[in-house]
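The next block holds one structure in the form of structure tokens; read it before the comments.
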């Protein structure tokens, strides 16, 4: 048998995943339906009017105002300095402050929600294998777990923008609607992910503590929390990046963050200032991403060492 025949035979004998093929087929059908039902016209993207708008935007609107007037390089640097000191610094600082406060509140709320949403902890006798549970006790703990999980779903099911719009009616146009909107939404996300982190922990340390007579609250405080903390912090910093990005957008609701001034520049047709603020927001998100990556790298190393120390103590 030649090499080509062997390759062909291997291809015919390869395992076939019906679910994957069905999913790809469903995706193709839904994409085709969306294209034709949405009445998208590809030619509209490339007609003469769109091309003229793009050329004018790049050559005139998006250019810093001093460059349009043939200014010297010193005047251009003065324009950047004016944009930075006039509103950029204050708006970026407020955006960052909103994100930090929101993620701290979300992390604290999620730390309280997660244990009650973990199915491995919310049973009559957690971490005791082969135990027959009292039916009423089992139903009670399962109901508490289900209600907590549904509550977390409710928190994250409503987008941050909707939360902020509702909270504006209560707190008015200040920073609190943005802070609380981000905190509520991310508490639901972190609460559910934290519960899954607890459920996926190796049961050995908790079972050893339970066999030694530890109660549920002792297991949660002395074993579950230290073991789940590294993974929870990874999720915490990941969501922090999202809060930084969303805090700039929520400013369009009236908070004096970057989004507010972006909306204000768009209303005045100052697209050069708009792009400066957008670029400043992008730099802020990039800085948050770098800080998050460094923190997660440190947490991973600490998590491995903490897990090893806990295993040694239980042994």
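Where a number appears in this text, it was derived from the coordinates with a stated rule and is not lab data. Model, not experiment: these values are computed from the prediction. Using ideal geometry, Cβ is built from the backbone for each residue, glycine included, and neighbour counts are taken over all protein chains shown.
By how many degrees, 0 to 90 and rounded to 10, does the Cα axis of helix 175-199 deviate from the longest principal axis of the chain? The angle comes out at about 30 degrees. As a length-normalised measure over Cα pairs under 8 Å and 6 or more apart, the relative contact order of the chain settles at 21 percent. If you take the alpha carbon atoms of the stretch 1-159 and fit the smallest convex hull around them, that volume is 391 Å³ per residue.
Relative to one another, the C-alpha centroids of the stretch 82-143 and the stretch 204-234 are positioned 17 Å apart.
Between residue 279 and residue 13, the simple label model (points 7 Å from Cα in the Cβ direction) yields a spacing of 6.0 nm. If R0 equals 22 Å, the separation of the Cβ atoms of residue 212 and residue 120 corresponds to a calculated FRET efficiency of about 0.75. Just checking my list (i) 81, 68, 39; (ii) 65, 54, 35; (iii) 55, 41, 36 against Cα extents along the principal axes in Å computed from this structure; which label fits? The value computed from this structure is option (i). Take the Cβ atoms of residue 158 and residue 85, set R0 to 25 Å, and the FRET efficiency comes out at 0.10. Here the stretch 4-35 and the stretch 240-262 have alpha carbon centers that stand 43 Å from each other. Helical runs assigned H by DSSP (4 residues or longer) give the chain a calculated mean residue ellipticity at 222 nm of -25000 deg cm²/dmol, each run adding -39500 (n - 2.57) before division by the residue total.
Here residue 238 and residue 170 are evaluated by their C-beta separation; at R0 = 51 Å the FRET efficiency comes out at 0.95. Projected over every direction and averaged, the convex hull enclosing the alpha-carbon atoms of the stretch 1-66 yields 10.5 nm².
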